[in-house]
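J.: Before anything else, here's the structure in question.
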Amino acid sequence: MNDKNKRLWENSLDLLDEEIIGESAQTLYKKSLTDFNESDLVIVETEKKSKFPIFALVASIIAIIGVAVITGVIIANTGIFTAPLESEDESNITSEYEIPAGTIGKFGYSFASDGSNGIILTSYSGNPTELVIPETIDGRKVVGIQEEVFRYCQALKTLTIPKSINTIRNICFDYCESLEVIKVDSDNEFFCSVDGVLFDKGKDILIRYPLAKTDKEYIIPDGVSIMENKAFAYCKYLTAVTVSADVGCVSHYAFLSCEALKSVTLSEGVTGIGDYSFESCKALEYISIPESVKDIRETALRNCDALIAINVADDNTDYCSVDGVLFSESMIELIKYPACKADEYYSIPEGVTDIASYAFYNCKKLNRVNIPFDIFHIKDYTFYGSHLEYVDIPVSVTEIGDYAFNSTALKYVIIPKTVNSIGREAFGSCNDLTDIDVDALNIHYCSVDGVLFSEDMFYLIQYPAGRTDAEYTIPDGITDIYSYAFYSADHLENVTFPDGILYIGTEAFAECRHLDSVNLPDTVNYIGDYAFKNCTSITSVNLSDSSLHIRNGAFSGCRSLKSVYIPGSGTSIGENAFDSHVFITGAPLIKNVQLIASRVIPIIVLIFLTIIKIRKNRKEKREIAEYYRRRREEREKSGK
């Protein structure tokens, strides 16, 4: 090969990467040094000059600039200073297996960490009525079922578990609302099925009762000593259950949301009733506590809206019942007042020094409660959601817990001088509350025109949601507006914010549906999560010109808000702070466009240089093609 041909061949290898298939350029080059033949080189001749590079350059620049501007708007709407997503841990990435034999769906799985080389099912996509879990996937044994695998498989009626399974998280069946039968291969060494109910192999652990099993009554078999958490949760048809004597404790969430359950028989021998064990059993009217029960959790009977009475065996040494109300045996603690007890007035007995959290939770018939002088602490959620209209808080009370009177029907409250702590949203969402009065001798809190403040008037704690005033002016000197302070104050149309306000807490003005504008002074530097959520009448928002942190969802659901101008260049905007239809203008948008441009411009330059290279390469290709065309013509003319 002469020097000219060698040089042409070297150039052609650089240019014709799309024609090199199966062998590297370096290999072809070395091969060419020994057996090069000009006729082996195939070049597509191009007679017309392509206009694509120029068009591509212009189109690319226009598209990228457009994307930059649009992205700037999107980022301004959703968050300027948002932490980057963490890279996914490869060890958590699951594979997929398509189920054979015509069954529609796929399993996601990962590998067991115990060295068994087995497979753990992590997800399932599909909604068949019957499903047989495969014993092997890709030659590996299926050994476990992780939580939530079959969650929301709403059509699934029958599930068959193979012999290879040795681990099952029972919450994998949550919301399988049609599940009637759970079957287990008879050769499985760890689990078994009895009348469609899932047990361990020794039948001493009841793991899961199918949600749609149609039997109305069920007696937990003798020999069962453990109920898994959520063992009967969400069962649709059960109306009566007997818990056998061998069962040590009614597990946490055991009968959660069994909405048809009317009666429960706890056999003598049961020692405990776990957290949320009967929560939201909406039809449960009566429950009897045997002598053996030593521990009842405060949330065990929460949201049992039909509960009329709680009866306790006379010889129980830990609990007692007076007129259907549950107390500690010594009558020192009131534990649970039945939510559907018919009385409208209740006087807590003298001698009671403690009222449990959730004690009067959601009591819809109770209008008034008298609290004795021995009570010092009203705990979290004590009266939450009840129909309580009046409450006499004695001067002995020093603490009022979180949500203690939240969502009640209270109209008027007097805070005695002894109260030194009022918890979060203690009087929130009380839509009939018009006045909160504080004893003048209280050194921690004060009231101005029925609104609750800290005694030093730095913090606005609670604006009564039932006030009918359309306008409110926050007093001078206030620096912080507490979370939920104006929550659901539905009559408010305008709030005046004084200079000096620094902080607006989480959901402080959420659900104020008639509030039509927000004008914040330059001193405001923080707007909390969902602070103005669902303020559907807001049409304008004027924000401060200082560094401002607007948290996640701050103005979400403000459907009448169309645009917002943000003057502060140091403003940070959280995720979904504004709905997607709101147009953001101002410094943050410019800052984002500049940020994006600083990253995009180098790409534009690179594209420009690449297109120039392509044009140059194509020109050289045409020159090479023209060279060999002339050579062929010369050989043809010479007859060689």
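J.: For region 373-494, just say rounded, prolate or oblate: build the C-alpha gyration tensor, square-root its eigenvalues into a ≥ b ≥ c, call rounded for a/c under 1.5, and beyond that prolate if a/b exceeds b/c, oblate if not. Mind showing how you got there, number by number?
T.: On the way: a/c = 1.82, a/b = 1.23, b/c = 1.48.
Verdict is oblate for region 373-494.
J.: Okay, moving on. Which whole-Hz couplings ³J(HN,Hα) result when phi for each residue of region 445-450 is put into the Karplus expression 6.51 cos²θ - 1.76 cosθ + 1.60, θ = phi - 60°, listed in order with x for Gly and Pro?
T.: The phi angles translate into 9, 8, 10, 10, 6, x Hz.
J.: For region 188-273: lysine pairs with Cα atoms under 16 Å, gap of 8 or more or different chains, count?
T.: On the way: 213/230; 213/236; 216/236; 216/262; 236/262.
Here the count comes out as 5.
J.: Another question, then. Which entries of 365/417; 379/533; 533/562; 294/336; 282/379 show an alpha-carbon separation above 18 angstrom in the structure shown? Write down the numbers at each step before the final one.
T.: Numbers: 365/417 30 Å; 379/533 28 Å; 533/562 15 Å; 294/336 15 Å; 282/379 24 Å.
Exceeds cut-off: 365/417; 379/533; 282/379.
J.: Over all directions, the average projected area of the alpha-carbon convex hull for region 381-436 comes to how many nm²? Spell out each step's value before the answer.
T.: Values: hull surface 12.9 nm².
Average projection, Cα convex hull of region 381-436: 3.2 nm².
J.: What are the ³J(HN,Hα) values, in whole Hz, obtained from phi via the Karplus relation 6.51 cos²θ - 1.76 cosθ + 1.60 with θ = phi - 60°, for each residue of region 274-289 in sequence order, with x given for Gly and Pro?
T.: Here the 3J(HN,Hα) series is x, 4, 6, 4, 10, 4, 6, 7, 5, 9, 5, 9, 9, 9, 10, 9 Hz.
J.: Given axes a ≥ b ≥ c from the Cα gyration tensor, I'd like to know whether region 303-357 is rounded (a/c under 1.5), prolate (a/b larger than b/c) or oblate.
T.: Oblate shape, in that a/c is at least 1.5 and b/c is the bigger or equal ratio.
J.: Turning to a different aspect of this structure: If you count, for each residue, the other Cβ atoms within 10 Å and average over each peptide, how do 536-549, 309-322 line up from highest to lowest? Don't skip to the end; give the middle numbers.
T.: Values: 536-549: 17.1, 309-322: 15.6.
Going by the mean number of other Cβ atoms within 10 Å, highest first, we get 536-549, 309-322.
J.: Give me the percent of DSSP beta bridges within region 321-393 that run antiparallel, rounded to the nearest 5.
T.: 30
J.: Counting other C-beta atoms within 10 Å, and keeping those with at most 11, which DSSP coil chymotrypsin sites (Phe, Trp or Tyr not before Pro) do you find in region 341-381?
T.: Numbers: sites: 345, 346, 358, 360, 361, 373, 376, 381; in loops: 358, 360, 361, 373, 376, 381.
Qualifying residues, ordered by number: 373.
J.: Tell me, what HN-Hα J-couplings in whole Hz come from the Karplus equation 6.51 cos²θ - 1.76 cosθ + 1.60 at θ = phi - 60° for each residue of region 379-395, using x for Gly and Pro?
T.: For region 379-395, the Karplus-derived couplings read 7, 4, 6, 4, 10, 3, x, 6, 8, 4, 9, 9, 9, 9, 8, x, 6 Hz, x marking Gly and Pro.
Here, each number is a calculation from the coordinates, and none is a lab measurement. Given the structure is predicted, the values throughout are model-derived calculations rather than measurements. Quick reminder, even Gly has a Cβ in these numbers, built from the backbone with ideal geometry, and neighbours come from all protein chains shown.
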